[in-house]
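Trainee: One structure coming up, written as structure tokens, with questions to follow.
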Amino acid sequence: MPRMYGLSALVFAAALMPDLCRAEALEADAQSAATKWDEAYNRDDMDTLGKLYAPDALVVTKGGTQTRDGIPKFFSGLKAKGWDDHKTTVKTAVAKDKLLIVSGRWQMTGPGDGGARKTFEGNWVNVLERQPDGWRTVLHTWN
């Protein structure tokens, strides 16, 4: 009888493997996209950063919603105010048709009290859409 349970567990585990591999691949794709964003922002390359967004993308900020043309300007403004060293860590990635819903943590340094540098961090959510040349962000927000 124990052999039967062992075989059942093995069959069950094998059935789950494609889903586990797919989940890991999605998270790797999402982290790759997030890393490209971090790299573009950190080197102040707003041209490249803007191209990581779909033409109809929205960035929802505390101050309002940015559309495609305003996105590079918004992030350029943050950079000019001393917000640097952005790092994104993907925690989850869920596929829905041509979309990839991604969440995780962000952190960056910025102006603190008395001019000192301070680390800020929070949660973020991106919705990416598969385009012919790769994933493009269609919605980006954080807290």
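Trainee: Does at least one position in the stretch 48-65 carry a residue that is of a type in the set (K, R) and either open to solvent by less than 80 Å² (accessible area, probe 1.4 Å) or in contact with a strand residue (DSSP E or B) (Cβ under 7 Å, 6 or more places away or on another chain) (or both)?
Mentor: To start, the set of residues in the stretch 48-65 that are of a type in the set (K, R) comprises 51, 62.
Now drop any that are not either open to solvent by less than 80 Å² (accessible area, probe 1.4 Å) or in contact with a strand residue (DSSP E or B) (Cβ under 7 Å, 6 or more places away or on another chain) (or both), which leaves none.
No, the conditions are met nowhere in the stretch 48-65.
Trainee: Does G134 count as open to solvent by less than 80 Å² (accessible area, probe 1.4 Å), out of contact with any Lys or Arg (no Cβ under 7 Å at 6 or more places or on another chain), in contact (Cβ under 8 Å) with a residue 40 or more places away in the chain and closer than 21 Å to R22 by Cβ?
Mentor: yes
Trainee: Counting only residues that are of a type in the set (A, V, I, L, M), in a helix (DSSP H, G or I) and touching a helix residue (DSSP H, G or I) at 6+ places or on another chain (Cβ under 9 Å), how many does the stretch 52-80 have?
Mentor: 2
Trainee: Within the set of pairs 6+ apart or on separate chains, which have a first residue in the stretch 57-77 that is within 14 Å of W142 (Cβ to Cβ), a second that is outside any helix (DSSP H, G or I) and of a type in the set (S, T, Y), and C-beta atoms under 6 Å apart?
Mentor: Qualifying pairs under 6 Å: L58/T65; V60/T141; I71/Y53.
Trainee: Just to be sure before I move on: is T89 within 18 Å of R136 (Cα to Cα) and surrounded by 13 or more Cβ atoms within 10 Å (Cβ to Cβ) in the structure I sent?
Mentor: Details: within 18 Å of R136 (Cα to Cα): yes; surrounded by 13 or more Cβ atoms within 10 Å (Cβ to Cβ): yes.
Judged against the criteria, T89 is a match.
Trainee: Let me ask something else about it. Can you find a residue in the stretch 113-123 that is touching a strand residue (DSSP E or B) at 6+ places or on another chain (Cβ under 8 Å), open to solvent by less than 50 Å² (accessible area, probe 1.4 Å) and assigned to a strand (DSSP E or B)?
Mentor: Yes, the stretch 113-123 has at least one match.
The values are calculated or read from the model by the stated rules, or taken from the named source; none is laboratory data. Keep in mind it's a predicted model, so treat the numbers as computed, not measured. When we count neighbours, we look across all protein chains shown, and the Cβ atoms used for this are built from the backbone with ideal geometry, even at glycine. Keep in mind that these areas ignore ligands, DNA and RNA; they rest on the heavy atoms of the full protein, side chains included. Shrake-Rupley method; radii C 1.70, N 1.55, O 1.52, S 1.80 Å.
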